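The values are calculated or read from the model by the stated rules, or taken from the named source; none is laboratory data. Everything quoted here is computed from the prediction, not taken from an experiment. No Cβ is skipped: glycine too gets one built from the backbone with ideal geometry, and neighbour counts run over all protein chains shown.
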Amino acid sequence: MTTLEKNKATLSNHLNLDNEKMGDITHDMNNLLSDYHIFYQNLRGFHWNIKGNDFFTLHEQFEELYTVVYQNIDELAERIVTIGFKPMHSFSDYLKNSILNEVTDVEDAEECVKHVVDGLGSLVQSHRKIAIAAGDAGDIATEDMLTAFVAELEKRMWMFTKYLR
């Protein structure tokens, strides 16, 4: 093995992806994981506390969405492990690293939906940024996973947006 090949091997991980690039991408993925956890908990609060004429419809829609979000959390964390890094797993880390804020004491349907649309929009923007970086690093699996998440989240954002109009 030449010196160049040895140097390249030490820069690559077990998936033959650049460790430095993957470290940066994983940092962003952990921030996204933090966003997901805050958003998930906000959705649970909306689900439990919503009041009014749209209770039955929105109660069900919030549950459906937080189930999708929960699945995305698991896939995202497992992808972080797969590429050789450690996912964050404490709420104190989530609160420090999330761009989303906790939403408390909201029971008005329109206000809940506005928070959902805003949260989905933030998640989608983060997904796009990380997917592009993953693609540039040759990590097509992460890029593909995040792209699939975006398609699902955008559809749900569209549906909740229609509620507001």
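Residue 16 - would you say it is modelled with pLDDT of 95 or more and in a loop (DSSP other than H, G, I, E, B)?
no
With respect to residue 80, is the statement that it is among the β-branched types (Val, Ile, Thr), within 14 Å of the chain's Cα centre (by Cα) and closer than 25 Å to residue 16 by Cα true?
In short, yes.
Tell me yes or no: at least one residue of the range 53-64 is among the hydrophobic types (A, V, I, L, M, F, W, C), at pLDDT 95 or above and surrounded by fewer than 12 Cβ atoms within 10 Å (Cβ to Cβ).
Within the range 53-64, one or more residues are among the hydrophobic types (A, V, I, L, M, F, W, C), at pLDDT 95 or above and surrounded by fewer than 12 Cβ atoms within 10 Å (Cβ to Cβ).
What number goes with the only condition from (1) in contact with a helix residue (DSSP H, G or I) (Cβ under 7 Å, 6 or more places away or on another chain); (2) at pLDDT below 95 that residue 165 does not pass?
All conditions pass for residue 165, except number (1).
Just wondering, is there one or more residues in the range 120-127 that are within 16 Å of the chain's Cα centre (by Cα), exposed (fewer than 15 other Cβ atoms within 10 Å of the Cβ) and either over 13 Å from residue 29 (Cβ atoms) or at pLDDT 95 or above (or both)?
Yes; the residues of the range 120-127 include at least one that is within 16 Å of the chain's Cα centre (by Cα), exposed (fewer than 15 other Cβ atoms within 10 Å of the Cβ) and either over 13 Å from residue 29 (Cβ atoms) or at pLDDT 95 or above (or both).
Scan the range 14-65 residue by residue and report those that are among the hydroxyl-bearing types (Ser, Thr, Tyr) and touching a residue at least 24 places away in the same chain (Cβ under 8 Å).
26, 34, 36, 40
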